[in-house]
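The values are calculated or read from the model by the stated rules, or taken from the named source; none is laboratory data. Computed from a predicted structure; not experimentally measured. In this analysis, Cβ positions are derived from the backbone assuming ideal geometry, glycine residues included, and neighbour counts consider all displayed protein chains.
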Amino acid sequence: MKCYEGTILSVDSNDGVYRYLIEDNGRIIYIGNELPDMYKSIETHPLGNRVLAPSFVDTHQHFASLSTFNAGLNVMEAESNEEIARMIGEYAAKTDAKTIIAFGASPHSVKEGRLIMRQEIDAVCQGKEVMVVKYDGHACIVSTPLLSKLDKKLCRLRGYHPDTGEMNQEAFFACSDYISGSLSIPDLFRNMQNCTDYLASKGIGSIHTVSGVGFIANLDITIEKLFAKSLRNGFQIRVFPQALNTKVATSRRIPRIGGCFECALDGCFGSRDAALNEPYADAEGGDGILYYSDEKVIEFCKKANRLGLQIELHAIGDKAFDQATRALKAALDDYPREDHRHGIIHDCLPTDEGIAICKEYKIQMPVQSAFIGWKQEPDSYLEELLGTERASRLNPIKTFADNGIVVSFGSDAPCTDPDPIQWIHRAVNHSNPEERITVQQAFRMATYNGAYTTFDEKERGSLEVGKVADMVILSDNPYTVDSDKLADIKVEGLILSGKPYESAVTSLGKCILNGVFSKNRY
């Protein structure tokens with residue numbers, strides 16, 4: 001039994017701030033401003049200037065990819081393609097791996113103003129297969145050895161650009177499938193363990209991962225489910241299979257389905273394949289790509305909804321957003337469900353009509369406030385791409401909240417670093433002042449609403465009596481610091497089920513045995 005004394009942010013229905021919290025056997029048994037006599041003999045843990053709050057929830061990330069990229073080469077902070085090439089060369093010289101994965105290349109954060117090219121990678125890769133993934137996770141640049149191996153398959157696919165080595169759309173997915181198939185299972189487990197520790201260092205105690213990125217027989221979905229069940233440190237993982245075949249979820253007894261890749265209705269702005277109702281504003285024009293017909297998406301949603309699955313769909317552009325809302329509305333009109341918690345991911349450029357559907361049908365939104373003021377995709381680029389007026393309507397978090405839509409925050413990692421403090425900071429300091437929200441709203445979106453998204457709010461997401469004691473210790477109080485100083489707050493500790501976070505790293509055999517026999521949720 002432990003008693004914490006200090007500033008405690010409950011994120012309960014009143015956004016209450018309390019002085020005392022008592023935990024016993026992993027559960028909260030008291031929270032309030034006066035310590036009852038029966039607890040006065042308990043040793044008190046003073047927080048001092050620090051703050052206790054619910055642990056954070058990342059409601060949209062690609063855990064297997066994040067784990068893989070975190071173990072590889074991150075070039076996101078490089079300031080030039082020359083620097084990226086140097087990093088690849090140094091990495092190639094010290095690794096025995098025949099295939100190198102680098103992540104984070106952006107034409108907007110390097111002085112050349114363009115993506116690195118195949119010829120530049122060839123000059124330093126020492127004959128190895130290299131895939132440099134673009135920051136948005138929707139394109140890559142491949143070295144000549146990798147291109148030569150896959151060329152017969154790639155040349156028939158949309159998005160194939162052998163001159164520069166850049167692969168988009170279906171050609172990118174084919175490259176990803178090959179890379180996924182080359183990963184060893186022990187390495188993937190080890191990378192996941194290390195990645196879990198990294199997420200915990202950010203105060204994240206729960207993630208929603210979208211799985212299904214090209215492993216044979218969707219092995220990564222099975223592995224992530226097994227890994228989720230194996231954890232003994234209180235860290236929570238909820239798996240979303242990225243598939244349009246409902247059996248991928250039901251055969252694994254996973255109660256939800258959706259995400260990106262196969263469940264993406266369009267691409268993204270950075271690769272100019274986000275589907276728009278009006279053409280792009282720059283010289284290239286075009287209106288992006290809608291991957292599926294309405295009929296196909298509606299058929300999938302109707303089937304998944306009738307099976308009782310929770311559905312999430314990727315939609316970046318307004319044309320894709322409208323398609324997602326039409327499909328979910330059709331599914332719920334076909335087979336009404338009161339508490340379905342279907343969602344649309346990203347929701348970067350919504351329409352009034354689509355928002356009205358989301359409000360009426362209680363469709364929730366895992367959004368990425370990390371996209372606001374994003375270095376890899378700056379506002380100036382988005383204004384050039386979409387026009388000033390349309391760009392001003394991006395990521396309208398306050399509009400969603402004002403319409404009573406449940407909004408939660410996710411990183412879309414590895415596209416952005418999973419950093420909840422940054423999510424809160426950017427939502428409160430939105431580049432469009434009319435879309436700024438209060439810090440209390442943002443904090444709820446990063447905690448309680450995240451738990452709500454996967455039906456976990458009765459156990460987690462807020463600090464209330466009876467709930468699991470999943471808590472984060474912060475260096476300062478987000479409710480009282482100046483809004484422009486929110487990003488300076490540090491995570492100083494994570495407590496899961498009442499215990500200080502314990503590393504997820506363990507032997508592969510123990511991990512698998514735990515996963516096979518565990519009754520943990522996934």
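Side notes on the structure shown:
- Listed by position, the helices (runs of 4 or more DSSP H) contained in the stretch 296-386 that have at least 3 residues being of a type in the set (A, V, I, L, M, F, W, C), outside the structural domain of residue 134 (by TED's automatic domain parsing) and in contact with a strand residue (DSSP E or B) (Cβ under 9 Å, 6 or more places away or on another chain) are 318-334.
- In the stretch 10-22, the residues that are closer than 13 Å to residue 471 by Cα and out of contact with any Ser or Thr (no Cβ under 9 Å at 6 or more places or on another chain): 22
Rundown of residues vs (1) touching a residue at least 40 places away in the same chain (Cβ under 8 Å); (2) assigned by TED's automatic domain parsing to the domain that holds residue 123; (3) buried (at least 18 other Cβ atoms within 10 Å of the Cβ), yes/no style:
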{"site": "33", "(1), (2), (3)": "no, no, no"}
{"site": "37", "(1), (2), (3)": "no, no, no"}
{"site": "43", "(1), (2), (3)": "yes, no, no"}
{"site": "52", "(1), (2), (3)": "yes, no, yes"}
{"site": "56", "(1), (2), (3)": "yes, no, yes"}
{"site": "86", "(1), (2), (3)": "no, yes, no"}
{"site": "89", "(1), (2), (3)": "no, yes, no"}
{"site": "92", "(1), (2), (3)": "no, yes, yes"}
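- Candidates 330, 324, 320, 356 - the one that is at pLDDT 95 or above, over 17 Å from residue 454 (Cα atoms) and touching a helix residue (DSSP H, G or I) at 6+ places or on another chain (Cβ under 7 Å): 330
- The one condition from (1) farther than 19 Å from residue 328 by Cα; (2) modelled with pLDDT under 95 that residue 229 does not meet is (2).
- Check on residue 125, touching a strand residue (DSSP E or B) at 6+ places or on another chain (Cβ under 8 Å) and either among the β-branched types (Val, Ile, Thr) or in a loop (DSSP other than H, G, I, E, B) (or both): yes
- Residue match in the stretch 161-179 (condition: under 16 Å from the mean Cα position of the chain (by Cα) and either part of a helix (DSSP H, G or I) or free of Cβ contacts under 8 Å to residues at least 40 places away in the same chain (or both)): no
- Counting the residues of the stretch 340-353 that are closer than 18 Å to residue 454 by Cβ and without any contact (Cβ under 8 Å) to a residue 12 or more places away in the chain gives 0.
- Of everything in the stretch 180-213 that is in a helix (DSSP H, G or I) and charged (D, E, K, R), the residue that is surrounded by the fewest Cβ atoms within 10 Å (Cβ to Cβ) is 187.
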